[in-house]
Amino acid sequence: MTTRSPHVPRIDLRSDTVTRPSAAMREAMAGAEVGDDVLDGDPTLAALQDRVADLLGVEAALWTPTGCMANAIALMHHLTRGDRFLAPVGAHVLEAELGTSAWLAGGLPAPLEHDGGPGRPTPAAVTRAAGTAGPYFGLRTRLLCLENTHNGAGGAVTPAGEHRALVAAAHDAGLAVHLDGARIWHAAAALDVPVSELAAGADTVSVCLSKGLGAPVGSVVAGSAAFVAEAWRLRKMLGGGIRQGGVLGAAGLVALDQRKDLLDDHRRAIRLAEGLQALGWPVRTPDTNIILVPTAEPTALVSALADAGVAAVPFGPGVRFVTHRDVDDMMIETTLDRAAALPVPS
Ligand SMILES: *Cc1c(COP(=O)(O)O)cnc(C)c1O
């Protein structure tokens, strides 16, 4: 057991959700103009929702407290009992939302292999999995749920052309498309394309304001005006109708401005991955801000890292590091120094 000096400050690379709201964000929250969003609207939330709808190139949007609620609302809208939905293996809706896609939305999940590249199926696999209408006792495949970036695949980016081809294959087969875009901002920054390019054609989209953008709370679910009218009802059913939400919406508006800093997080993630590779660690250079270390002993590695002053999380068959706005260049170099003192994971 290594003994760590209590004076060694911990470097927290568990997630891009561990960021603290900046002084400017707290100031915007304190000064937010508010109303009662359950009664007749909150002006700051309305401004945030309009801005996200514009960025995504859709008609309307609705703020939600969490990404899980945003996804649940979309899936409840698209699915009912007796339906099936498709999603890439390891998708957040499959693995990290307690099965709400099944027990709340009523859809039986069918995971699709990543045969199109990290985090994504091919359009041909979507067509095949959609199948054709069978006998009355067969499940009806109704929805394709995409994820960009794909968290479980290490923040993997789906390029705009492939996104469009997947949407087209789904629509041709009569499926609706939901895009879990919790980190769509990261994909757009990495590809240097407008966010709307990566949402093109999706019937509904969810995004997070707290994954790397620095908001303490908040997601948005978006789509047609008709969908969003229904989403207000579904959010209320889930207990997500909030009153003076502008205090939180103001944080979301500042978070959207902080998109410009994401490329710094990506640059630091690449530096960390390349540094670990130089130490012999089996990591892939990331597309965005997530680094996965495959290892047979995730718990042992996380605890050795913790003893050395680096916080990471066990993740699938390995360990995950995530860079974010509260980690600077110095902290990445310190992380590499601390990793150098550990045995190479296998
Ligand atoms: C974090 C995350 C969510 C859910 O967001 P919460 O705000 O934690 O509920 C959904 N999808 C993906 C891909 C995520 O990474």
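Derivation of every value follows stated rules applied to the coordinates shown; laboratory data play no part. Predicted, not measured: the structure shown is a model, and the values here were computed from it. Note that each Cβ is placed from the backbone with ideal geometry, even for glycine, and that neighbours are counted across all protein chains shown.
In what sequence, highest mean first, do 204-214, 297-307, 55-65 appear when ranked by Cβ atoms within 10 angstrom?
Values: 204-214: 27.5, 297-307: 16.9, 55-65: 21.9.
With the highest mean Cβ count within 10 Å placed first, the list reads 204-214, 55-65, 297-307.
Here region 170-214 is scanned for amide nitrogen atoms under 16 Å from the site 7 Å beyond the Cα of Thr127 along Cα-to-Cβ, giving 170-175.
Using the Cβ-Cβ distance between Met330 and Thr299 with R0 = 25 Å, the FRET efficiency computed as 1/(1 + (r/R0)^6) comes to roughly 0.30. Once the chain from Ala278 to Asp115 is taken as fully extended at 0.36 nm per residue, the excess over their C-alpha distance is 55.8 nm. Across the chain, Cα-Cα pairs more than 35 Å apart make up 24 percent of the total. Estimated translational diffusion coefficient (Stokes-Einstein, Kirkwood radius over Cα pairs, 4 °C, 1.567 mPa s) of region 24-75: 105 µm² per second. Every pair of different Cα atoms in region 1-91 enters the Kirkwood calculation, which places the hydrodynamic radius at 17.8 Å.
Give me the extension gain from Asp172 to Val89: residue separation times 0.36 nm, minus the current Cα-Cα distance, reported in nm with one decimal.
Values: separation 83, 0.36 × 83 = 29.88 nm, distance 2.20 nm.
Stretched out fully, the Asp172 to Val89 stretch lengthens by 27.7 nm.
Between Glu59 and Leu108, the simple label model (points 7 Å from Cα in the Cβ direction) yields a spacing of 3.3 nm.
Rounded to two decimals, the Cα-based Rg/Rh of region 137-288, with Kirkwood Rh, is 1.02. Kirkwood's formula applied to the C-alpha pairs of region 148-233 gives a hydrodynamic radius of 13.5 angstrom.
Within the P(r) computed for region 1-152, what percentage of the Cα pairs occupies the region above 28 Å? Don't jump to the answer; show the numbers that get you there.
Values: 4839 of 11476 pairs.
So the pairs more than 28 Å apart make up 42 percent of the total in region 1-152.
The simple spin-label model puts a point 7 Å past each Cα toward its Cβ; for Val38 and Arg164 those points are separated by 4.4 nm.
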